[in-house]
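The values are calculated or read from the model by the stated rules, or taken from the named source; none is laboratory data. Everything quoted here is computed from the prediction, not taken from an experiment. A quick note on method: Cβ atoms are made from the backbone with ideal geometry, for glycine too, and the neighbour counts reach across all protein chains shown.
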């Protein structure tokens, strides 16, 4: 068809209408998100706050994995290792000073030191491992990152001073002044439960992480990441330094994973080295595939699905908790579900839940706009490869909404 | 010396198991350039079916193994036909992850079906039976592992070298388009690769379970040690899978046997990661392995 001028005018019309509609819907989304968070925050029971807190921590780690695998296309099963590095950094810096020689080490530093340090040390380890790992491509990198998880478990089991060995150790609780947030405290006359305080802390960290990653992905560095993912040769020709781009993604991903690991360990209070297993890594891979590859929103949705759902099932006691022959627990059901959904989404909607939502949006827009004949079909054909710039227009609502 | 020889013998038997599992990886990779992360869980399902056949349904050991092979081959074929064939041409990341999806489903399926407590492994001989040879105990089950591996390798060699379909598979591995052009049915080749891989995975799984006396749903994780084996041998080499498997098995058993005497400062369980350390070393120095084709890309 010789519709190239027509198509171009149609697409400009669509993009301008999307801009206007986008701005309005962006504000609506911000208001909705803030309202939902506020309502949830004030009415949720402790159980629900626990579920929310674990989900939000998982969302931070899912964003971390998405930076490396989703945006930059590097297969990694090593996120459990970097989370563990963050967690043990936090434990060493923030843990209690040992009272007997058998206790694991701790320097009892405040949380505004150990939380950032968790990310920084994980990033340093990432910078150390990166040059070796990133020489390899595709599944070779996948296998090496898998080896990293096992080597990590060996190190953690043996580094008793820091990890407590096979028995595990306790992890520090953030404290604001003298107020340790594992207890009820009141700030400015408002009494907050432990769960509520953790919720606020985790939410702030998540919002910062989401906002930061969203902005990085819109920058020169983010475009380089995606260029590397889509075509390494092409990226090189365009002047992208492959090694720098991959290292950048690897270090940023490790940093965020370390923070998430520290929060996870702190919120769990007690962790044994076996918790940092390959299964944990696989769960995060499942989360980003189900939620949406290369999308901040997708990371959060995926984390909610993979990590939040089994807790919800257990909370309602829908299924037995103890496993046995012929018994399906909430965790089992969820594992089967996410295993199936990995396959289903990769087959039919590589954009994950976010891609599905965008498809729905495009459909409604198509039906609601009276004569969108030129632009909209083009947009729909764009969708299956929805790992491009589109996720970002959605993510902005989240990032700005929560950082505001 | 007897201790050393004992370790060597056990290491070779363990290495044969890794070789069997690694063969499965290599055959699928050669045919379709897919790395099948679910190989370990196919093995797990196979081992559980065999155990159930012997202990719950009181079948003969061989009949149970046959049953296990049939089940895993079916799973492999169905997955290949209905999932992987739709993924042809998609990025490595997606294909790798989709096999992880199958892996999760199978492992959870085993946990739901059989529970996560250890179950007895079906074995043709008792652990004590075997020969004593100069102070070295040659366990009957270990000997059988080695013999079965040799027989299977001979069969595979014959199949690839002298049969029509073996030739078709080699042709496909060499040049897929040329193979299509001379009328080779690629679907049959893929199906054959998955069928063979699933079948030998089951056999490997049965022996792996015997070697660890009891089995639980983490058995599939041990199959991951076949990765170092195939990387060492060269990922697209059948010979490499066997040689790599035996070397990895030997190294692992020898470190397990000597780590507490020689290098206790390394702490417990170093033998669990020596295969991975070797793998990383190989990838750094010689990424195509001992027998592989030099084509691994690097930056």
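Residue B:97 fulfils the conditions (1) surrounded by 14 or more Cβ atoms within 10 Å (Cβ to Cβ); (2) over 20 Å from the mean Cα position of the chain (by Cα) except for a single criterion, (2). State the number of residues belonging to the range A:305-328 that are part of a loop (DSSP other than H, G, I, E, B), under 22 Å from residue A:45 (Cα atoms) and at pLDDT 80 or above. Number of matching residues: 1.
With the requirement that a residue be crowded, with 17+ Cβ neighbours inside 10 Å and within 14 Å of chain A (Cβ to nearest Cβ), what does the range B:117-143 give you? Passing the criteria: only B:119. Residue B:254: touching a helix residue (DSSP H, G or I) at 6+ places or on another chain (Cβ under 6 Å) and under 17 Å from residue A:152 (Cα atoms), yes or no? It is false that residue B:254 is touching a helix residue (DSSP H, G or I) at 6+ places or on another chain (Cβ under 6 Å) and under 17 Å from residue A:152 (Cα atoms). Tell me, yes or no, whether the range A:333-341 has at least one residue that is at pLDDT 75 or above, within 14 Å of another protein chain (Cβ to nearest Cβ) and not in a helix (DSSP H, G or I). So far as the range A:333-341 goes, no, none of its residues is at pLDDT 75 or above, within 14 Å of another protein chain (Cβ to nearest Cβ) and not in a helix (DSSP H, G or I). Considering the range A:293-328, and only residues there that are closer than 18 Å to residue A:61 by Cα and free of Cβ contacts under 8 Å to residues at least 40 places away in the same chain, the residue that is farthest from the other protein chains (Cβ to nearest Cβ) turns out to be A:309. Kindly check whether there is at least one residue in the range A:202-210 that is more than 18 Å from the chain's Cα centre (by Cα) and surrounded by fewer than 19 Cβ atoms within 10 Å (Cβ to Cβ). For the range A:202-210, residues more than 18 Å from the chain's Cα centre (by Cα) and surrounded by fewer than 19 Cβ atoms within 10 Å (Cβ to Cβ): absent. Does residue B:200 fit the bill of being part of a helix (DSSP H, G or I) and either surrounded by fewer than 17 Cβ atoms within 10 Å (Cβ to Cβ) or within 14 Å of chain A (Cβ to nearest Cβ) (or both)? Spelling it out, it is not the case that residue B:200 is part of a helix (DSSP H, G or I) and either surrounded by fewer than 17 Cβ atoms within 10 Å (Cβ to Cβ) or within 14 Å of chain A (Cβ to nearest Cβ) (or both).
Screening B:53, B:89, B:76 for residues that are at pLDDT 90 or above and under 30 Å from residue A:344 (Cα atoms) leaves exactly one candidate, B:76.
Screening A:161, A:189, A:165 for residues that are over 26 Å from the mean Cα position of the chain (by Cα), more than 14 Å from chain B (Cβ to nearest Cβ) and farther than 21 Å from residue A:110 by Cβ leaves exactly one candidate, A:189. Please verify whether residue B:225 is more than 11 Å from chain A (Cβ to nearest Cβ) and in contact (Cβ under 8 Å) with a residue 40 or more places away in the chain, treating the condition exactly as stated. Spelling it out, it is not the case that residue B:225 is more than 11 Å from chain A (Cβ to nearest Cβ) and in contact (Cβ under 8 Å) with a residue 40 or more places away in the chain. Taking the listed residues A:108, A:147, A:122, the one that is in a helix (DSSP H, G or I) and away from chain B (no Cβ under 14 Å) is A:122, with no other qualifying.
Would you confirm whether any residue within the range B:236-248 is part of a loop (DSSP other than H, G, I, E, B), under 30 Å from residue B:158 (Cα atoms) and either within 15 Å of the chain's Cα centre (by Cα) or modelled with pLDDT of 85 or more (or both)? Taking every residue of the range B:236-248 in turn, at least one turns out to be part of a loop (DSSP other than H, G, I, E, B), under 30 Å from residue B:158 (Cα atoms) and either within 15 Å of the chain's Cα centre (by Cα) or modelled with pLDDT of 85 or more (or both). For residue B:161, are the conditions met, namely being surrounded by fewer than 16 Cβ atoms within 10 Å (Cβ to Cβ), assigned to a helix (DSSP H, G or I) and within 12 Å of another protein chain (Cβ to nearest Cβ)? In short, no. When we screen B:106, B:62 for residues that are part of a helix (DSSP H, G or I), more than 14 Å from every other protein chain (Cβ to nearest Cβ) and modelled with pLDDT of 90 or more, the only hit is B:62. Here A:254, A:266 are screened, and the one residue that is within 23 Å of residue A:147 (Cβ to Cβ), more than 14 Å from chain B (Cβ to nearest Cβ) and crowded, with 21+ Cβ neighbours inside 10 Å is A:254.
Looking only at residues in the range B:278-299 that are within 7 Å of another protein chain (Cβ to nearest Cβ) and either at pLDDT 85 or above or in a helix (DSSP H, G or I) (or both), the one that is nearest to residue A:145 (Cα to Cα) is B:280. Residues considered: B:173, B:209. Of these, the only one that is away from chain A (no Cβ under 14 Å) and in contact with a strand residue (DSSP E or B) (Cβ under 7 Å, 6 or more places away or on another chain) is B:209. Number of residues in the range A:46-82 that are over 14 Å from the mean Cα position of the chain (by Cα) and modelled with pLDDT of 95 or more equals 1.
Against the test of being assigned to a helix (DSSP H, G or I), away from chain A (no Cβ under 11 Å) and farther than 20 Å from residue B:221 by Cα, the options B:42, B:23, B:14, B:78 yield a single qualifying residue, B:78. Scanning the range A:76-105 for residues being within 20 Å of residue A:267 (Cβ to Cβ) and in a loop (DSSP other than H, G, I, E, B) gives a total of 3. Considering the range A:130-144, the residues that are more than 7 Å from chain B (Cβ to nearest Cβ) and buried (at least 19 other Cβ atoms within 10 Å of the Cβ) include one that is farthest from residue A:272 (Cα to Cα), namely A:134. The residue that is nearest to residue A:350 (Cα to Cα), counting only those in the range A:40-75 that are outside any helix (DSSP H, G or I) and within 14 Å of chain B (Cβ to nearest Cβ), is A:73. Mind checking whether some residue in the range B:224-238 is more than 20 Å from residue B:16 (Cα to Cα) and buried (at least 24 other Cβ atoms within 10 Å of the Cβ)? Scanning the range B:224-238 turns up no residue that is more than 20 Å from residue B:16 (Cα to Cα) and buried (at least 24 other Cβ atoms within 10 Å of the Cβ). Looking only at residues of the range A:168-177 that are part of a loop (DSSP other than H, G, I, E, B) and surrounded by 21 or more Cβ atoms within 10 Å (Cβ to Cβ), we find that the one that is nearest to the other protein chains (Cβ to nearest Cβ) is A:171. Among the conditions (1) away from chain B (no Cβ under 12 Å); (2) crowded, with 17+ Cβ neighbours inside 10 Å; (3) not in a helix (DSSP H, G or I), the only one that residue A:350 does not satisfy is (1).
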